[in-house]
Structures are given as structure tokens and as C-alpha cells.
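Engineer: Encoded as C-alpha cells, here's the structure I'll be asking about.
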């Protein structure tokens, strides 16, 4: 029992190190930098990791990510590091033709967006004595931490651009700000509900429907008790076939609980989530090392081994021209509510 508790404490230590940043987070999330790793091959760790581990993690990541849990997000598998996405660049025009008149020519154009898969790594250290305990479910205890860490980093990169690779596009919140898609709390001069409605309006005026909202968990207390002009609550929690679901103004709402949210940047994000494309390489890999230093801790000196799981993913925001807003500098499928100093 003491060994089990010790192993769990180690896993928790690594998780919180990743949450609060510093060298520990750098090593945990991005892999060990420097130093030789005495890596065992896949056969050596087959007893630790089930054969279907890769599929299991990839299937579970969307559940750990607030962004990827949105139903309308497009998902794609990649066969190589970078893939081209042809999108409409400008729209054709139609003309009325009078009897005997000449039909005018028109044209449509396409441009290319690229989605690039970058590597994301998670490292968890485990006591060697615990590995020797065949009755202890190492994988069962480790897997949730791996999945949650991956989900957190994906959300940070997509929503706020935190620690995002240089090849990734601009994240949702800074890109929305660049396109004047920001509403500050109090802009409506009515209440918080009216402010949220203004965020919806920013998206809709650009020709996109709002089909979902993501928010920090603290926004819940601002929404409870708010009513529309007819006295009906704008924030509703209901039971559906796909589980318990929160909604606001009739649209699905998700709350971030994995530590990814940047409260100083936004209260909530609303938009057309079908404009977000998430791509993943189906080649999850793992290695086991016992000669490295992770988060300032020597694995060799402390009789631990480190399990490192890596996979590659990327995203792109699709923003083709539409009839409602042809101006590329203004049109964007997302808007956000900025809490400001309130």
C-alpha cells in the first residue's frame, strides 16, 4: 500500500509541475532535452502498455479537451506532416440576362491553407518497485494523467496560442481580436446576458452561425439566474441522449476544467465550430527510459523509470469569404467576451 501511495504521489507531482510551468513543465510536456536516453524497445514495455493503447488515447483526447468536445469541430487524420486544404478564395457572381442579352462571365477562385502536425509529448515517472508489483494497474493510473495533459496543451494552443509551435496558425482569441471580434463586459449597458448576446452578434454579422460556446468555469455563477425579455433562463442544463448538456441561448456550452483557460484573456468564446479543423497523425509512440533527468529528478538515482508518450497533431481555422462579410480583415468565425477589469 505504501508503494502504491508513493507512485500516485509521484504522478501527481509531475502533473502539478506541468500545470504551474517552469523547467518541470517544459520537460514533461515537450520531452527531455539533452542527455542520452537508455530507451528500451517496445517489447520491453508490452506488459505495461496494452496493445490498443494508441487507439485508446487518441479516442479519449477529445473528451479531455474542451475545444475538441464541441460537436461541430471537424476532425481529420493525416498521412504526412503537412497537408494542403484548398478553400474558396472569392465567390462567383450571378447576373440577370435580358432577352437577347449577352451573358456575362464570372469566375471563382481557390487558395491553399496548410495544416501542419507537430509533436506533443508527455512524460510520467514511475517507481521501479511499483512496476514490480503485478497487482498494481500502472496503466490505469497513468493513462488519465497522460490524456488530461495532452488535452490541456491542445486547448491552450488552439484557444490562446500558449506554447504553440511556430507552424500553427494564430489562435482563436488573438485572431478574433485582430478581426475586431471582441466584446467587453458591460458593452451592452444592460447585463451579462446582453453582453453574451453581443458576442453572438459579432459572429452572425460576419455570416457565420453560432453553434457553440466554451467558457471558463467561473462564468457559470454569472449566468445562473439570468433571464431573457420573456423571463426565460438563458442558461439551461438539460439531459439529452448524449448526456448532460449545458446550453446558452439554445446553443451547446462547454466549460474548461483542465487548467487551459487564460482568465485574463477571455470569459467565453462563441462561434461556428465547424470552422475549426483538428488533424491528428495516427502514430502514437511510447518509450521507457531509466537514465534521464526529468523535472530535476534523476531517474537512475531515485530508482524510477519514465514513460514518454508522443503523438502529432495540428489545427487550422477555415475562414473563406461569404456573402454577408466579404472583407477578410473583419470576417472571422469566432468572437469572445473579455472580462476586462471587472
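Rule-based calculations on the coordinates, nothing more; no lab input. Keep in mind that what you see is a predicted model, and the values were worked out from it rather than measured. For neighbour counting, all protein chains shown are included, and Cβ atoms are generated from backbone atoms with ideal geometry for every residue, glycine included.
Engineer: Translational diffusion coefficient, Stokes-Einstein: compute it for the range 254-327 using the Kirkwood radius over C-alpha pairs as Rh, at 20 °C and 1.002 mPa s, and state it as an integer in µm² s⁻¹.
Structural biologist: Details: Rh = 17.2 Å.
For the chosen part, D equals 125 µm²/s.
Engineer: Below 8 Å between Cα atoms, with a sequence gap of 6+, how large is the relative contact order for the range 186-257 in percent? Write down the numbers at each step before the final one.
Structural biologist: Numbers: 77 pairs, mean separation 21.2, N = 72.
The value is 29 percent.
Engineer: Calculate how many DSSP beta bridges within the range 147-294 are antiparallel, expressed in % of all such bridges and rounded to the nearest 5. Before the final figure, lay out each step's value.
Structural biologist: On the way: 14 of 18 bridges.
Antiparallel: roughly 80 percent of the beta bridges in the range 147-294.
Engineer: Please report 257, 329, 66 as a ranked list, fewest other C-beta atoms within 10 angstrom at the top and most at the bottom. Don't jump to the answer; show the numbers that get you there.
Structural biologist: Numbers: 257 13, 329 9, 66 26.
Ordered from fewest to most neighbouring Cβ atoms within 10 Å, 257, 329, 66 come out as 329, 257, 66.
Engineer: Can you give me the three principal axis dimensions of the range 213-342 from its C-alpha atoms, in Å, biggest first?
Structural biologist: Largest first, the range 213-342 extends 67, 40, 38 Å along its Cα principal axes.
Engineer: State, to one decimal in nm, how far the label point of residue 328 lies from the label point of residue 79, with both points 7 Å from Cα in the Cβ direction.
Structural biologist: 2.9
Engineer: Per the Kirkwood treatment, what hydrodynamic radius in Å, one decimal, follows for the range 142-238 from the mean inverse distance over all distinct Cα pairs?
Structural biologist: Details: mean 1/r = 0.0631 Å⁻¹.
Kirkwood hydrodynamic radius for the range 142-238: 15.8 Å.
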